[in-house]
Structure formats: C-alpha cells, structure tokens
Amino acid sequence: MRNKAGPPVRKEDFLKREADVEELWSLAGSGHTLLLAPRRMGKTSFLHHLEDAPREGWRCIFFSVEGLDNEARFVARFLTQLAEIAPDRAWTERLGVSVRDFFRSLSSVSAAGMVEVNLAKLLEHDWRDEGATALKVMGKLRGKTLILVDEFPVFVSNLLGTDSGEEGRRRARLFLDWFREARNVPILRDI
C-alpha cells in the first residue's frame, strides 16, 4: 500500500476499514444511505472500494456528479453508467422511444464523452420520467445494484448557482423532490 494524499485511492492503496465496509454493505441491503464526512476523509475512495469489490450478488454503479450543473446531465450520466454495467440494454425497452433508439444506435458507451452530452440533450425536457423509469427498470437486471453517487451536495449547489435567486432554489427543490420520490420506488428494495 502506498500512502497517497489528495486523489482518491483504489485497490491495494485503499486502507481496509473492514468494520466500516461491513456496516455500509449491511445498510445497503436495507435501504438508502448517506455517507457524510468532512472533505479529504476518503469518501470517494470508500465508494470506489465498494465498486471494486462488490459483495456476491451485487453490482455497483459509481458516478460522480461534481461537474454537472443540470438535471438532464445527471440522468444522462446515470443512464450511461447503467448501460456500461448492463450492455445488453434489454432494460431500455421501457424508456421513451427517442432514448431507446439512442442506445440502440450505439456500439459502445462512454460516460466521459459525447454520448452523455448528446443523451442529455435528448433528456432536456423529459429527464424526470426517463430517470425514474430507469430506476424502475433496474429490476430487470439480475442481482442487486448499489448506486454510488459521489459529490451529490456539490451537484445540488451547482443547481442553485446556475440560476440566481428563487429560480435556482426552485430547480434544486424540484430535483431533490424528484430524487427522493424516484429512489423510493418499491422495486428498488428487491432488485
């Protein structure tokens, strides 16, 4: 193990915190969990550890939303990550026609490239329904899925900052209401 200060660490550089890892996997099986700690405490490294070493029967979707500033990009990033772990794309059948056709036209998915930007343009006016549907159809995937969203408070802050005053607060409030409702879909408990 190398002692590294600053960037997230992975694999053999991650300081094994067995009790913390065990507790988080236990919480993951029973519902939603918020991981809070001051900056530079290793939250991102912890999430990457879960992603790199999932429990048997689990898969992890990790995505960072720190640099995003709109709701459609959030949903596009989630969908591209979902497409990477479920490349057969059978789960897209319940999505809207334009989004389903978009995924069918791709030979591969790259969350960091133009795929996400183009998908966000498609989702601009329908991000709520498509995002909620994607969470619901995760039930088509075998096993359980742990969704790891890194830098979520920064994303909400970005929403607040994109429009000054009341409009930014309204967008952040609407997004948080949608996110709470979408993630409480009963099927998520038994995927």
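The values are calculated or read from the model by the stated rules, or taken from the named source; none is laboratory data. No experiment lies behind these values; they were computed from the predicted model shown. Neighbour counts are summed over all protein chains in view; Cβ atoms, including those assigned to glycine, are modelled from backbone coordinates with ideal geometry. Protein only, heavy atoms only, side chains kept; ligands, DNA and RNA dropped before computing areas. Shrake-Rupley method; radii C 1.70, N 1.55, O 1.52, S 1.80 Å.
Key figures
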{"quantity": "Cα-based Lys pair tally, the chain, threshold under 30 Å, eight or more apart or on separate chains", "calculated": "14"}
{"quantity": "Kirkwood-type radius of the chain, with distances r between different C-alpha atoms, in Å", "calculated": "17.7"}
{"quantity": "Two-site label geometry, Ser157 and Arg142: point separation in nm, points 7 Å out along Cα→Cβ", "calculated": "4.2"}
{"quantity": "Packing rank of 79-89, 28-38, 167-177, where each peptide gets the mean count of other beta carbons within 10 Å, highest leading", "calculated": "79-89, 167-177, 28-38"}
{"quantity": "Angstrom value of the Kirkwood radius, inverse mean 1/r, which spans all Cα pairs in region 71-142", "calculated": "11.8"}
{"quantity": "Debye log10 I(q)/I(0) at q = 0.11, 0.12, 0.24 Å⁻¹ for region 20-93, Cα point scatterers", "calculated": "-0.35, -0.42, -1.29"}
{"quantity": "Average Cα contact separation per residue, region 23-120, under 8 Å, 6 or more apart, as relative contact order %", "calculated": "22"}
{"quantity": "Cut-off 13 Å between beta-carbons: net charge of the residues surrounding Phe74, Lys and Arg +1, Asp and Glu -1", "calculated": "-3"}
{"quantity": "For the chain, size of Cβ-based charge dipole, Lys and Arg +1, Asp and Glu -1, in debye", "calculated": "260"}
{"quantity": "Residue-normalised accessible area of the chain, given per residue in Å² at a 1.4 Å probe", "calculated": "57"}
{"quantity": "For region 33-72, Kirkwood radius (reciprocal of mean inverse C-alpha pair distance, Å)", "calculated": "12.1"}
{"quantity": "Relative contact order for the chain, counting Cα pairs under 8 Å that sit 6 or more residues apart, in percent", "calculated": "25"}
